[in-house]
Structures are given as C-alpha cells and as structure tokens.
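Enquirer: Take this structure first; my questions come after.
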Amino acid sequence: MNDGECSPNTLAREGNVSLAYHSTRGETPGVIFLGGFRSDMTGTKAVALEQACKVRGQSFVRFDYFGHGQSGGMFTDGTITRWRDDAIAVLDAASEGPQVLVGSSMGGWLMLLVALARPERVAGLVGIAAAPDFTEDLMWLTFDSSTRTLLETEGVYLDPSPYDPEPTPITMGLIEDGRQHLVLGQTIPFSGPVRLIHGMGDQDVPWQYSVRTAEALTSPDVALTLIKGGDHRLSEPHQIEQIIAAVADVCARIAH
C-alpha cells in the first residue's frame, strides 16, 4: 500500500484504461473519498481525510475517475455512468467490509448511486456540497438556447471555469447520460447514517440541493450542516475540521 504521494496503485478497467488510487489499510468501517467534477485525489479535503483516518487506524481510499487526475481516459469521454462504475469498481477491488462514502460535489451524486448499487457494502454517507442531478438542473436547464443548440449540433460546449484558466468541456453525451441517473425526484432508499455539509455562499451548487437530498433519503439518521459564508470548495481549515468530525460521527454510529 502507498504512503503519502508516492506512485499510486492502479486498477485495470475496460478499454485498456487504468484507474489510479491510494489505499491505506486499517479498521472498518473504511472511508472512500469520491471527488468532484474535474477534480482529483490530491485535493485538500481528500488528503486531510486520509491523514485523519490514519490517525484513527481506519482504512481509507482515494482515487481518480476515468479522465481525471492520474487515471487514464479522455475527460470528454466520461459520463455519470462511467464514473459511477469506476467508484463501484474501486469499492469492490480496493476495500473490504462496510464503507463510508464521502462525496464532494459530483461525488455526492455518485455516492448515492453507488449506495443504491451496493447496499450491502455502503454503511454510511457524508456529502460535501453534494450535487445530485447537476448535469440536468445546474447545466442543461440553466444553459441559454444558443448553448443548448451548440451542444445538440456540435456535441460539446466549452464552459468558462472559475477554477481553471482552461474552460470545462461539457458534452451532450454527459447531459444525456446524466438523465438516466436523476435521483432527486424520487425516494432514495438508504438506511445508514448520513451527514450533509454545505456552504451557504456556494455559487456553484445551491445549498438547497443538500436539503432536497436529505428529504429524498429514507434514512431516519440524516443531519445537514449549513456553513454560513462557506463557498463550494469548503477547504478552509475550520471547514475541513467539520468534515472530519462528520465522517468520524458516521463511522462511530456504524461501529456501535
């Protein structure tokens, strides 16, 4: 297993593509971090959670989706289906026993899809600015008619990013595939503990999405923390401490 930022482990996937991941052995329930759209496993939150789990002697996995970070594949070939299946493959191959999924932004959508696919393995959830259904609600439905026409005719739209000098390529394939996985218009069956954390100053994913997620989940043990002034990233030290505490709370509830 790897320590720090030495070479990651790799997991072979279809099409001669490998996923990169870092794994730390430890006690269960383990923790698996699911990153956001165009982010990678070297982010502040992922690394901080890894260190916190090491201190507690808890297993931890962080990884890069297809087309992200150190994993293979072209980002523009990625879809919600593909990234969900990546997360399931990592859960199956790189972890044992009950797991807590920690999903940031898009990862908050994917953690719900993975929990639905592997209910016997996913014991708890922690969402950080969770963005279920974002391809429809926060992309397609907010695009103007000219952008939609461009997507329908050219298949891709270059969306200016506040986080990157290069625009984010949004494909029509991503939009269409996302429609197969919308979850907020229905009940989400999950019985384990759930903690949702969202910044009220989030300009990318409104905090109301975490309210809707809490309402949709069937679990009786769902708590939402709103951080006044918190942005989408929630990467300030005191915010990361809140995230670490939420993960520890969910793990403790499962262990007991």
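Rule-based calculations on the coordinates, nothing more; no lab input. Just so it is clear, the model here is predicted, and its values are computed rather than measured. Note: ideal-geometry Cβ built from the backbone for every residue, glycine included; neighbour counts use all protein chains shown.
Enquirer: Sorting check: for 177-186, 120-129, which peptide has the highest mean count of neighbouring beta carbons within 10 Å, and how do the rest follow?
Expert: Order by mean packing, descending: 120-129, 177-186.
Enquirer: Please determine, in degrees from 0 to 90 and to the nearest 10, the orientation of helix 44-56 with respect to the longest principal axis defined by the Cα atoms of the chain, where the helix direction is its Cα long axis.
Expert: The two axes meet at around 10 degrees.
Enquirer: If one takes the longest principal axis of the Cα atoms in the chain, at what angle in degrees, from 0 to 90 and to the nearest 10, does the Cα axis of helix 237-255 lie?
Expert: For 237-255 against the chain, the angle is about 60 degrees.
Enquirer: A follow-up question, please. Residue by residue, what Karplus-based ³J(HN,Hα) values in Hz, rounded to whole numbers, does segment 199-213 have, using 6.51, -1.76 and 1.60 with θ = phi - 60° and x for Gly and Pro?
Expert: Rounded to whole hertz, the list is x, 6, x, 5, 8, 9, 10, x, 4, 4, 5, 6, 5, 5, 5.
Enquirer: Further question on the same structure: How much length, in nm to one decimal, is gained on full extension between T10 and R25, taken as 0.36 nm per residue of separation minus their Cα-Cα distance?
Expert: Stretched fully, the T10-R25 segment lengthens by 3.8 nm.
Enquirer: Mind ranking 188-200, 104-116, 45-57 by how tightly packed they are, going by the mean number of other C-beta atoms within 10 angstrom, highest first?
Expert: Most protected by this proxy first, the peptides run 104-116, 188-200, 45-57.
Enquirer: What is the angle, in °, between the Cα long axis of helix 106-117 and the longest principal axis of the Cα atoms in the chain? Nearest 10 is fine, range 0 to 90.
Expert: Taking Cα atoms only, the helix is inclined about 70 degrees.
Enquirer: Determine the gain in length on full extension of the stretch F75-R179; use 0.36 nm per residue of separation and subtract their C-alpha separation, reporting nm with one decimal. Before the final figure, lay out each step's value.
Expert: Details: separation 104, 0.36 × 104 = 37.44 nm, distance 1.87 nm.
Going from the current span to full extension adds 35.6 nm.
Enquirer: What residues qualify as long-range amide H neighbours of G230, i.e. H under 5 Å apart, gap of 5 or more or another chain, H built at 1.01 Å from N?
Expert: M200, G201
Enquirer: In addition: Sum -39500 (n - 2.57) across every DSSP H segment of at least 4 residues in the chain, then divide by the residue count to get the 222 nm mean residue ellipticity, nearest 500.
Expert: After summing the helix terms and dividing by the residues of the chain, the value is -10500 deg cm²/dmol.
Enquirer: Report the full-extension gain for the segment S235 to L138: residue separation times 0.36 nm, less the Cα-Cα distance, to one decimal in nm. Intermediate values should be presented prior to the final figure.
Expert: Values: separation 97, 0.36 × 97 = 34.92 nm, distance 2.19 nm.
Result: 32.7 nm gained on full extension.
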